[in-house]
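Notes follow once the structure below has been shown.
The values are calculated or read from the model by the stated rules, or taken from the named source; none is laboratory data. Note that the structure is predicted; figures quoted are calculated from it, not measured. Ideal geometry is used to build each Cβ from the backbone, glycine not excepted, and the neighbour counts take in all protein chains shown.
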Amino acid sequence: MMNNQGNQQNAPVRQAGVYMPPPASYDVSVPTTGSNGNSNGTGDGYQPIDKKILHQCRHKAERRWYRRLVVLNLLIIAAAIGFFLYAFEDTRTYAEDVYNAVVEEMEDLENVEDVRDADVEKLDDVEKEANDLPDSLLYLLEIVITVVAIPFVVYYVYAQYRSMSVCITPKTYPEIYAIVEEYARKLGMKKVPKIYMIQGNGVLNAFSTFIPFKQYIEIYADLLEVAYREYHDMDTIRFIIAHEIAHIYYKHATMHYYYAIMFSQMIPILGSTASRTREYSCDRLAQLLSGSDGIDAMMALTAGIHLYKQVDHEDYIEHARTVKGFFIFCWNLVCDHPITTKRVLALADPEKKSGKLY
Ligand SMILES: [Zn+2]
C-alpha cells in the first residue's frame with residue numbers, strides 16, 4: 001500500500017531540487033520505441049529487467065523478517081495443535097459432560113409436569129457448560145475457521161470493489177493502463193494486473209491485493225486527480241502504480257504469502273517491522289520502474305493533492321533529519337509503513353539500498 005503514516009500509503013512526482021536518479025546498478029529499462037512503450041501503445045516494446053537487478057531492490061532485511069514470521073506462524077499453529085492434543089482428554093470429558101447433562105435434563109423434564117425453578121437453574125448450568133468451551137478446542141477452532149474463511153472473505157471483498165469501481169482499460173484512462181502494462185512487461189509478468197479506480201471521498205490511497213491465483217490494484221480517485229486535474233503530474237501516478245505493482249511482483253499480495261504469515265504478522269512490532277521492510281522494497285523498485293524519486297508522491301499523501309507541489313524537497317529533507325528521538329522510535333516501531341520522514345530520507349538516498357527500519 002501507499003500509506004505514508006502508520007497504516008496509510010503514498011507515491012511521488014519530481015520537483016525542483018533533490019531529484020536523484022536510481023542507483024547506477026539499477027539498469028532502468030527503457031522502451032525500444034516511444035516514451036510509453038512501442039508505437040502501437042501495447043507496451044510490447046519494453047524488455048524485462050534483469051531479475052538480479054529486481055532482486056537488488058529488496059530491503060536487505062525483508063526476506064530475513066519473512067522467514068522469521070513463517071517460522072513463528074508454524075510455531076503458533078503447532079502450539080495450537082499441540083495444546084489441543086495435550087488437553088484432548090479435557091475436551092473429550094467436556095463433550096461427555098455436556099451430552100450427559102442434556103440427556104439427564106431431558107429425562108427429568110419428561111417425568112415432571114411443571115418446570116420448577118430448580119430445573120430452570122439446571123438448564124442454565126447446562127447452557128453455561130455448553131458455552132464454556134475448553135481453551136484448547138477454542139484455539140484450534142479459531143485457527144481452522146480463519147484458514148477456511150479467508151478465500152471466501154477475499155472473494156467477497158473483490159466483489160465489493162468490482163461493483164463499486166471503474167476498471168481501467170486501454171479505453172478508460174488509457175494513460176494509466178499504459179503505465180501498468182509497461183511495468184508488467186518490465187517485470188516479466190505474463191498478465192497485466194487488473195487496476196480499478198474507486199471513489200475514496202477524499203482518502204488518498206492505493207493498494208494491491210488478491211484473490212486466489214489473481215492480484216489486482218485499487219487506486220483512489222482523488223489520487224488520480226493529480227494526473228488529470230491538479231498538476232497533470234504523471235510522475236507521481238507512475239511512482240504510486242509502480243509501488244503497488246512491486247508488491248505484486250514480490251508476491252506480497254498472494255494467498256500463499258498471506259497464509260504463510262497470517263497469524264505471526266498479527267504479533268505487535270514483529271508484524272509491523274516485517275511490513276516496513278516490504279514497503280521499503282517496493283519504494284526502491286518503484287524508483288527503478290518509474291524513474292521518479294518518489295518524494296512528490298510522499299508529499300501528495302502528506303500535504304494533500306492541492307498543496308504538495310509547494311513543499312520544497314530539500315527543506316523537507318532537512319526537517320526529516322530532525323524527526324528523531326525515543327517517541328519517534330516507538331511510533332515508527334508499531335507502524336506497518338515507515339514513518340514518512342524515514343521513508344523520504346530513504347527515497348532521497350538511492351545509493352543506500354535499504355531504508356532505516358527503526
Ligand atoms: Zn506498499
Inset, instruction - Identify, from the list I269, I219, the residue that is within 25 Å of M164 (Cβ to Cβ) and either among the β-branched types (V, I, T) or modelled with pLDDT under 90 (or both). - result: I219
Legend entry - Restricting the stretch 148-172 to residues that are touching a strand residue (DSSP E or B) at 6+ places or on another chain (Cβ under 7 Å) and assigned to a loop (DSSP other than H, G, I, E, B), the residue that is farthest from L285 (Cα to Cα): T172
Legend entry - Tally of residues being in contact with a Leu (Cβ under 8 Å, 6 or more places away or on another chain) and more than 11 Å from the ligand (Cβ to nearest atom) across the stretch 243-255: 1
Inset, instruction - Give the residues of the stretch 279-296 that are in a helix (DSSP H, G or I) and either in contact with an Asp or Glu (Cβ under 6 Å, 6 or more places away or on another chain) or more than 12 Å from the ligand (Cβ to nearest atom) (or both), sorted by residue number. - result: S281, Q287, L288, L289, S290, I295, D296
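Check the stretch 256-274 and report whether any residue there is within 12 Å of the ligand (Cβ to nearest atom) and either touching a His at 6+ places or on another chain (Cβ under 8 Å) or under 27 Å from K191 (Cα atoms) (or both).
No, the stretch 256-274 contains no residue that is within 12 Å of the ligand (Cβ to nearest atom) and either touching a His at 6+ places or on another chain (Cβ under 8 Å) or under 27 Å from K191 (Cα atoms) (or both).
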Inset, instruction - Would you mind stating whether G200 is over 21 Å from the mean Cα position of the chain (by Cα), closer than 30 Å to I150 by Cβ and either surrounded by fewer than 17 Cβ atoms within 10 Å (Cβ to Cβ) or within 16 Å of the ligand (Cβ to nearest atom) (or both)? - result: no
Inset, instruction - Output yes when any residue across the stretch 248-260 is closer than 29 Å to K309 by Cβ, touching a helix residue (DSSP H, G or I) at 6+ places or on another chain (Cβ under 8 Å) and crowded, with 16+ Cβ neighbours inside 10 Å, and no when none is. - result: no
Inset, instruction - Within the stretch 200-218, work out how many residues are closer than 14 Å to I168 by Cβ and without any contact (Cβ under 8 Å) to a residue 40 or more places away in the chain. - result: 1
